[in-house]
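Throughout, read-outs are computed from the coordinates displayed, never taken from laboratory work. The structure displayed is predicted, hence computed values, not measured ones. Reconstructed Cβ throughout: ideal geometry from the backbone, glycine too, with neighbour counts over all protein chains shown.
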Amino acid sequence: MSELMRLQVARRTEFGKGPCARLRAQGAVPGVMYAVGENIPVTVDAKALAKAFEAVRYSKPLAVSFDDGVERVVLIKELRHHPFKRSYLHVDFWGIDLDKPVDVTVPLVVTGRAKGVVMGGKLAVYREQVTVRCLPHRIPDAITIDITPMNIGDKIMIDALPVPEGVEVLFDRSFAVLAITGGRGAQEETAA
């Protein structure tokens with residue numbers, strides 16, 4: 001666990017709106033760590049949580065250390081924000097095993113400029129993220145799609161996504177992730 005980012009947490013003993021509001025006023029964020037067979041109420045420093053979240057987001061493992069020296073590997077499952085203040089209300093950690101595959105959501109990143117777009121077509125993005133299954137140390141930051149060779153009418157299906165070795169994209173049926181559709185200029189050219 002030496003290469004994982006670390007986050008110090010403390011076990012929480014008080015529950016309810018009042019104690020949680022007091023924690024937030026002191027610069028802490030209440031949360032829960034969900035692990036196999038146990039759910040541990042925790043509290044974490046808001047600034048340290050913000051720094052850790054910026055580095056790992058929802059798809060990278062994080063080592064959380066308790067006051068008593070116990071360490072667990074987790075993913076940030078959910079981080080709730082205040083509706084209009086720049087603060088966190090609650091965090092949920094999901095305890096994982098580094099030797100077992102996990103299902104996580106990974107963003108799709110589009111690079112290049114498609115030939116079809118240059119000819120007047122439009123890029124239609126149907127999905128901005130996909131769910132993948134892999135070991136925690138193989139979780140990609142993003143899946144990058146180069147659209148440079150695509151013409152009008154071309155589409156990329158989910159089963160054709162370029163994923164790293166050991167990463168499996170989860171889907172029930174193959175569907176389009178993005179396509180180059182005919183734009184106004186392309187329709188006028190075909191009509192002429």
query = Taking neighbour Cβ counts within 10 Å as the exposure measure, how do I158, I76 sort from fewest upward?
reply = I158, I76
inquiry  = With a 10 Å cut-off between alpha carbons and a GNM built on the chain, which of P136, P30, P149 moves the most?
reply    = P149
From phi via Karplus (6.51, -1.76, 1.60), per-residue ³J(HN,Hα) for segment 109-116 in Hz, x at Gly/Pro = 10, 9, 10, x, 10, 5, 4, x
note = Diffing segment 55-65: the Karplus 3J(HN,Hα) column from phi (6.51, -1.76, 1.60, θ = phi - 60°), in whole Hz with x for Gly and Pro, holds 7, 10, 6, 9, 10, 10, x, 9, 9, 9, 10
ask   = Can you give the three extents of the C-alpha atoms in the chain along their principal axes, from longest to shortest, in whole Å?
value = 73, 40, 28
task = Treating cross-link reach as a plain straight distance, find the lysines whose alpha-carbon is under 29 Å from the alpha-carbon of K122, omitting any fewer than eight places away in the same chain.
result = K155
ask   = What shape does segment 5-95 have by the C-alpha gyration tensor, where a ≥ b ≥ c are the square roots of the eigenvalues, rounded means a/c under 1.5, and otherwise prolate means a/b greater than b/c and oblate the rest?
value = oblate
task = Enumerate the amide H contacts of T144 below 5 Å, restricted to partners 5 or more residues apart or on another chain; note that Pro and chain-start residues carry no placed amide H.
result = V109
task = Excluding residues on the same chain fewer than 8 positions from K85, give the lysines whose Cα lies under 30 Å from its Cα.
result = K17, K47, K51, K60, K77
